[in-house]
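The values are calculated or read from the model by the stated rules, or taken from the named source; none is laboratory data. Since we're looking at a predicted model, the values are computed, not measured. Backbone-built Cβ (ideal geometry, glycine too); neighbour counts: all protein chains shown.
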Amino acid sequence: MEYKLIKPEKIQDFVNALIANGKQVLAPKQKKDKVFFSLIRSFDEIAMDFIQTAFSAKSAVFPKCEELYSFEKNGKDTILNNPPAPQHDTVVFGMRPCDGAAFDYLATFFLKENPDYHFKMRYDKTILIGLTCPTGDEFCFCTSVGISPSDTRGSDLLLTKTENGYFVEIITEKGEKLVGQFSDFFEQTNTIDKTKYTANIQKRFDSSALKEKISGAFNWERWEETSLPCFGCGTCAFSCPTCTCFDIQDEANLVGGARYRIWDTCALGIFTKHASGHNPREKQSERWRNRILHKFLYTDEQFGTLSCVGCGRCIRNCPAELSIIEQVNAIMEG
Amino acid sequence: MDNMYLPYKMFIEKITEEAPLVRTYRLKFKNPADEEKFSFKAGQFGEYSIFGEGESTFCIASSPTRKGYIECTFRVAGRVTKALANCEEGDEIGFRGPYGNTFPIDDWKGKNLLFIAGGIGLPPLRCVIWNCLDLRENFRDFTILYGARSVQDLVYKHELEEWNNRPDVNLFTTVDPGGETPDWKGKVGFVPSILKEVSPSSHNTIAAVCGPPIMIKLTLPVLFELGFKEDNIFTTLENRMKCGIGKCGHCAVGPYYVCKDGPVITYKELKELPQEY
């Protein structure tokens, strides 16, 4: 791996140069008491001091609502058109390493089998710049799912703040290309020990012990009890950096329209409801169970990776104060 | 890379009214190049769409041995099927597919075949029934047991007559008690009890079952009583579905996706899955 350094006074210039170059920069921005990934026009808008953004930046590659194709009626015929491809590169700047790992999962999910045209079109134009966590909070649990707060997985570049500026790890070719293109802002440096600058995130559970326990957890008798507060709003899924489920809906008038995919979630009762009225997941506890088992068991079987990165958003955002950490520990207890 | 959500453009060549609210559409490709590159196998399904209304999932109900068209049979139930039902012959339909796995009919050569269907469960089996009938010399005894709530709910009435008249097919039709008409010549009773009565041999026999969940649930014990092995019993699953290609998440049963790992499944495989179908 190659390393560089961005001097403290150069970070601002680097980001502003990205914007001046025509790239769309999505970065953490303070809005009231929360931080959101927002399209920024200048480095000044960025909140560099934050624990975690309220939502992940996954909408850069998997928008909340996205056109699959459009159609125009032409008498008895219909003309179908691919959606327009993004014109600009998007740089996600300052995402936490757990989100980088989530992007890695998303790429596996969308591209490994039946590669997804829409995802690829955005992912290819997206550059991911991670930022090592110097601190965490009681909701962070990345280390419990095998990710470190300075993990390079999924990022193109990873920045770690040091006394001398930002230590840069060049992880992918995309990252290398970006550094090459903006070489004025990068200086030579030796590798460093990141530990000193990396948050110490306590392990909240042991994922290998969980692996053994969870394979037989479908018939666990405490699902109903542990999910009782859940009223199925789906906030956990919508703020989750790895949730990928979607619905497909049309919007049209007499002359044409488009088919869209829109985020959907297994937390909602209608998600599995058949036209006949039969619902394979009738109860909220069954939907909650599906969410937990999908994260910690099913994707492990499918792709050999958990689909929880320990970002803690589902816990911070849950209006019913449910905690995936507590849930997992309850399963471990039996 | 292709946009997998873009459908083929097809038109309705023929509409058949099968039963109350149940119709069969015969669809042909608008573009001859699409027709040429298209192929499918028995058991696969597709996404049928009305632009502006949405997509619906149905199996391909015609046999791959009948070239140049595909057929689907559907019951009017929701927004898209209502819009589909408003179509006339000549109207345009979008079709994505074929998706999913297939009935392993090559492995069935030299065996007896038993098809058991209830109500609107016959369309998914009709595809494989005709496929096997068109290769009839490859199989031994050929038995079809089909039941519906009432005489008017039976689908493919002309084909039932055709099968009934074939010396190389044993057809048993039945309607639920009270669903018969004065001139009904078939049996009266639920599918599981008629299966018991007919009692086909399980020796060297493959059974394919499709119908409402309650029918399947009560038919399986009868099949086991008759000595059928779990991996010789096939069914085809149905779950709410949107994308058809393993992405949208709707049809997932644990790590299994009905759309790409199914819909065809043996009982042996089915009993390993969480009961979420």
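Evaluation of residue B:191 against the conditions (1) of a type in the set (A, V, I, L, M, F, W, C); (2) surrounded by fewer than 22 Cβ atoms within 10 Å (Cβ to Cβ); (3) under 28 Å from residue B:57 (Cα atoms) shows that the sole unmet condition is (2). Taken as a whole, the condition of being closer than 30 Å to residue A:236 by Cβ and among the acidic types (Asp, Glu) applies to residue A:66. Only one entry of A:296, A:303 meets the criterion of being closer than 15 Å to residue B:255 by Cα, touching a residue at least 40 places away in the same chain (Cβ under 8 Å), under 24 Å from the mean Cα position of the chain (by Cα) and crowded, with 16+ Cβ neighbours inside 10 Å, and that entry is A:296. Would you confirm, using the coordinates I've provided, whether residue B:222 is outside the structural domain of residue B:25 (by TED's automatic domain parsing), modelled with pLDDT of 95 or more and in a helix (DSSP H, G or I)? Answer is yes for this residue.
Among residues that are buried (at least 16 other Cβ atoms within 10 Å of the Cβ), in contact with a Lys or Arg (Cβ under 6 Å, 6 or more places away or on another chain), part of a strand (DSSP E or B) and modelled with pLDDT of 95 or more, residue A:70 is not included. Just so you know, in the stretch A:197-213 the residues that are modelled with pLDDT under 95 and part of a helix (DSSP H, G or I) include one that is nearest to residue A:147 (Cα to Cα), and it is A:207. Residue A:266 fulfils the conditions (1) out of contact with any Lys or Arg (no Cβ under 8 Å at 6 or more places or on another chain); (2) facing another protein chain (nearest Cβ under 9 Å); (3) assigned to a loop (DSSP other than H, G, I, E, B); (4) not small (Gly, Ala, Ser) except for a single criterion, (1). For the residues B:66, B:26, the requirement of being in contact with an Asp or Glu (Cβ under 6 Å, 6 or more places away or on another chain) and farther than 26 Å from residue A:258 by Cβ singles out B:26. Checked against (1) in contact with a His (Cβ under 8 Å, 6 or more places away or on another chain); (2) within 14 Å of chain B (Cβ to nearest Cβ), residue A:109 meets all criteria but (1). Of the listed requirements (1) within 19 Å of residue A:228 (Cα to Cα); (2) of a type outside the set (S, T, N, Q); (3) more than 9 Å from chain B (Cβ to nearest Cβ), residue A:281 misses just one: (3). Within the stretch B:61-90, the set of residues being among the small types (Gly, Ala, Ser) and either in a loop (DSSP other than H, G, I, E, B) or free of Cβ contacts under 8 Å to residues at least 40 places away in the same chain (or both) comprises B:61, B:62, B:63, B:68, B:77, B:78, B:83, B:90. If I filter the stretch A:245-262 for residues that are away from every other protein chain (no Cβ under 14 Å) and over 30 Å from residue A:134 (Cβ atoms), do I get at least one hit? Checked the stretch A:245-262: no residue is away from every other protein chain (no Cβ under 14 Å) and over 30 Å from residue A:134 (Cβ atoms).
Inspect all residues belonging to the stretch B:228-237 and state whether any of them is within 13 Å of chain A (Cβ to nearest Cβ) and either closer than 30 Å to residue A:111 by Cβ or touching a helix residue (DSSP H, G or I) at 6+ places or on another chain (Cβ under 7 Å) (or both). Yes, the conditions are met somewhere in the stretch B:228-237.
Those residues that are in a helix (DSSP H, G or I), more than 22 Å from residue B:132 (Cβ to Cβ) and within 14 Å of chain A (Cβ to nearest Cβ), I need them from the stretch B:192-219; list them, please. Those that are in a helix (DSSP H, G or I), more than 22 Å from residue B:132 (Cβ to Cβ) and within 14 Å of chain A (Cβ to nearest Cβ): B:213, B:214, B:217.
Residue A:314 fulfils the conditions (1) more than 10 Å from every other protein chain (Cβ to nearest Cβ); (2) touching a residue at least 60 places away in the same chain (Cβ under 8 Å); (3) over 19 Å from residue A:146 (Cβ atoms) except for a single criterion, (3). Residue selection: residue B:246 satisfies the criterion of being more than 15 Å from residue B:191 (Cα to Cα), within 11 Å of chain A (Cβ to nearest Cβ) and small (Gly, Ala, Ser).
Only one of the listed residues (B:148, B:117) is touching a Phe, Trp or Tyr at 6+ places or on another chain (Cβ under 7 Å) and in contact (Cβ under 8 Å) with a residue 60 or more places away in the chain. That residue is B:117. One residue stands out in the stretch A:76-104 among those that are more than 10 Å from chain B (Cβ to nearest Cβ) and surrounded by fewer than 16 Cβ atoms within 10 Å (Cβ to Cβ): the one that is farthest from residue A:155 (Cα to Cα), namely A:84.
Residues are listed down the side, and each one gets a yes or a no for (1) within 20 Å of residue B:243 (Cβ to Cβ); (2) among the basic types (Lys, Arg):
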| residue | (1), (2) |
| --- | --- |
| A:243 | yes, no |
| A:252 | yes, no |
| A:277 | no, no |
| A:281 | yes, yes |
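In the stretch B:95-109, of all residues being over 17 Å from residue B:134 (Cβ atoms) and surrounded by fewer than 21 Cβ atoms within 10 Å (Cβ to Cβ), the one that is nearest to the other protein chains (Cβ to nearest Cβ) corresponds to B:96. For the stretch B:42-60, indicate whether the set of residues that are more than 8 Å from chain A (Cβ to nearest Cβ), more than 19 Å from residue A:70 (Cα to Cα), touching a residue at least 60 places away in the same chain (Cβ under 8 Å) and surrounded by fewer than 16 Cβ atoms within 10 Å (Cβ to Cβ) is non-empty. No - not one qualifying residue is present in the stretch B:42-60. Of the residues that make up the stretch A:270-277, is at least one modelled with pLDDT of 95 or more and more than 7 Å from chain B (Cβ to nearest Cβ)? Within the stretch A:270-277, one or more residues are modelled with pLDDT of 95 or more and more than 7 Å from chain B (Cβ to nearest Cβ).
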